[in-house]
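Visitor: Pasting a structure below so you can have a look.
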Amino acid sequence: MPDSPNDRAHAAWRTLTSRPVYTNPWIRVREDTAEMPNGRTTLYGVVECAPAVGVLPFLDPDTVVLVGQWRYVARAFRWEIPTGSVKPGESLEAAAHRELTEEAGYSAARVVKLCTIDTSKSILDETAHLYLGEDLTPVTRTPDDTEFIEVRAFPFDEVVRMVERSEIVDAMTVIAVLHAARRR
């Protein structure tokens, strides 16, 4: 057992039991019993998702494409970058290209990796891989059956201001925009 509070901060928790609670095509929920560094146990709920990708597509150096849609959980319309899950056996780059085509109606000559993030650190097990999309060509959009999407071009500087004013609050979008702004 760790000796100091700092040691405990770095000590791994041990999973004693795990049971599935709920599954659908997009998520799995499980309940674990975990032993903490102090030897006590606690229940821990975990939502598991497939890895995700997001693409910030640039039409030109000063213009980006965002997709807007009603988000059921947020109960609000949101502007975001195209995002989605990686399918089994699909590479991250292939998933980024697919999501860009499905949601925004563009093909990118190249996608450039910005970063990898944990979308939530406490109960959600989801890793997102964020990209820039460059040298875009319009293609036929093929949205999923549950997607009702508006596609719009924005000046990149305006999108940065939308992030700063908390008009864009989607974590993947905020992080991609700030990474891209830092590169300018």
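Visitor: Between GLY105 and residues 5 or more places away or on another chain, which pairs have amide H atoms under 5 Å apart, with H built 1.01 Å from N, and which residues are they?
Guide: So GLY105 has HN proximity to THR142.
Visitor: Next question, about the same structure. Any idea what angle helix 171-183 forms with the longest principal axis of the chain, computed on alpha-carbon atoms, 0 to 90 degrees, nearest 10?
Guide: It is inclined by approximately 60 degrees.
Visitor: Could I ask something else about it? Going by average Cβ density within 10 Å per residue, which order do the peptides 109-122, 51-64 take, highest to lowest?
Guide: Put in order of decreasing packing, that is 51-64, 109-122.
Visitor: Compute the Cα gyration tensor for the chain, then decide on rounded, prolate or oblate, letting a ≥ b ≥ c be the square roots of its eigenvalues: rounded whenever a/c is under 1.5, prolate when a/b is larger than b/c in the other cases, and oblate in all that remain.
Guide: prolate
Visitor: Let me ask another. Determine the per residue accessible area of segment 60-183 with all protein chains present and a 1.4 angstrom probe, expressed in square angstrom.
Guide: Normalised by residue count, the accessible surface of segment 60-183 is 54 Å².
Visitor: Checking the a/c ratio against 1.5 first, then a/b against b/c, what shape does the Cα gyration tensor give for segment 86-168?
Guide: Taking the square roots of the gyration eigenvalues as a ≥ b ≥ c, segment 86-168 is rounded.
Visitor: Just from its helices, what would the mean residue ellipticity at 222 nm be for the chain, if runs of 4 or more DSSP H residues each count -39500 (n - 2.57) and the sum is divided by every residue, rounded to the nearest 500 deg cm²/dmol?
Guide: After summing the helix terms and dividing by residue count, I get -5500 deg cm²/dmol.
Visitor: Would you list ARG182, ARG165, ARG98, ARG71 from the most to the least accessible area, probe 1.4 Å?
Guide: ARG182, ARG165, ARG71, ARG98
Visitor: A further question on this structure: Ignoring ligands, DNA and RNA, what percent of the 1.4 Å accessible area of segment 1-79 is carbon and sulfur?
Guide: 55
Visitor: Hey, what do the phi angles of segment 106-111 turn into as Karplus ³J(HN,Hα) couplings, whole Hz, using 6.51/-1.76/1.60 and θ = phi - 60°, x for Gly and Pro?
Guide: Values, residue by residue: 9, 10, 9, 5, 8, 10 Hz.
Visitor: Hey, another quick one. Tell me whether segment 130-170 comes out rounded, prolate or oblate; compute the Cα gyration tensor, take square roots of the eigenvalues as a ≥ b ≥ c, and use a/c under 1.5 as the rounded threshold.
Guide: Oblate is the answer for segment 130-170, as a/c is 1.5 or above yet b/c matches or exceeds a/b.
Visitor: In whole Hz and in residue order, list the ³J(HN,Hα) couplings for segment 59-64 that follow from phi through the Karplus curve 6.51 cos²θ - 1.76 cosθ + 1.60, θ = phi - 60°; x for Gly and Pro.
Guide: Taking θ as phi minus 60°, the curve returns 6, 8, x, 10, 9, 10 Hz for segment 59-64.
Visitor: Compute the separation of the alpha-carbon centres of segment 157-182 and segment 26-75 and state it in Å as a whole number.
Guide: Centre-to-centre distance over Cα atoms comes out at 18 Å.
Visitor: Here's something else I'd like to know. For a quick check: with amide H placed at 1.01 Å from N, whose amide H comes under 5 Å from LEU136's, ignoring anything fewer than 5 positions away on the same chain?
Guide: Those lying under 5 Å, H to H, from LEU136 are ALA109.
Visitor: Among ALA108, ASN38, VAL163, which residue has its Cα positioned farthest towards the positive end of the charge dipole of the chain, with +1 placed on the Cβ of Lys and Arg, -1 on the Cβ of Asp and Glu, and the dipole taken about the Cα centre?
Guide: Most positive-ward Cα: ASN38.
Visitor: Next up: Per 0.36 nm of contour for each residue apart, how much would the distance between TRP70 and ASP157 grow if the chain were fully extended, relative to their Cα-Cα spacing?
Guide: Result: 28.9 nm gained on full extension.
Visitor: Starting from the amide H of LEU56, placed 1.01 Å from N in the peptide plane, find each other amide H under 5 Å away whose residue is 5 or more places distant or on another chain.
Guide: TYR131, LEU132, GLY133
Visitor: Treating only the Cβ atoms of Lys and Arg (+1) and Asp and Glu (-1) as charged, compute the dipole magnitude of the chain about its Cα centre; round to the nearest 20 debye.
Guide: 380
The values are calculated or read from the model by the stated rules, or taken from the named source; none is laboratory data. Please read these numbers as outputs of a predicted model, since none were measured by experiment. Cβ coordinates were reconstructed from backbone atoms using ideal geometry, including for glycine residues, and neighbour counts include every protein chain displayed. Just the protein is used for accessible areas: all its heavy atoms, side chains included, with ligands, DNA and RNA removed. Shrake-Rupley method; radii C 1.70, N 1.55, O 1.52, S 1.80 Å.
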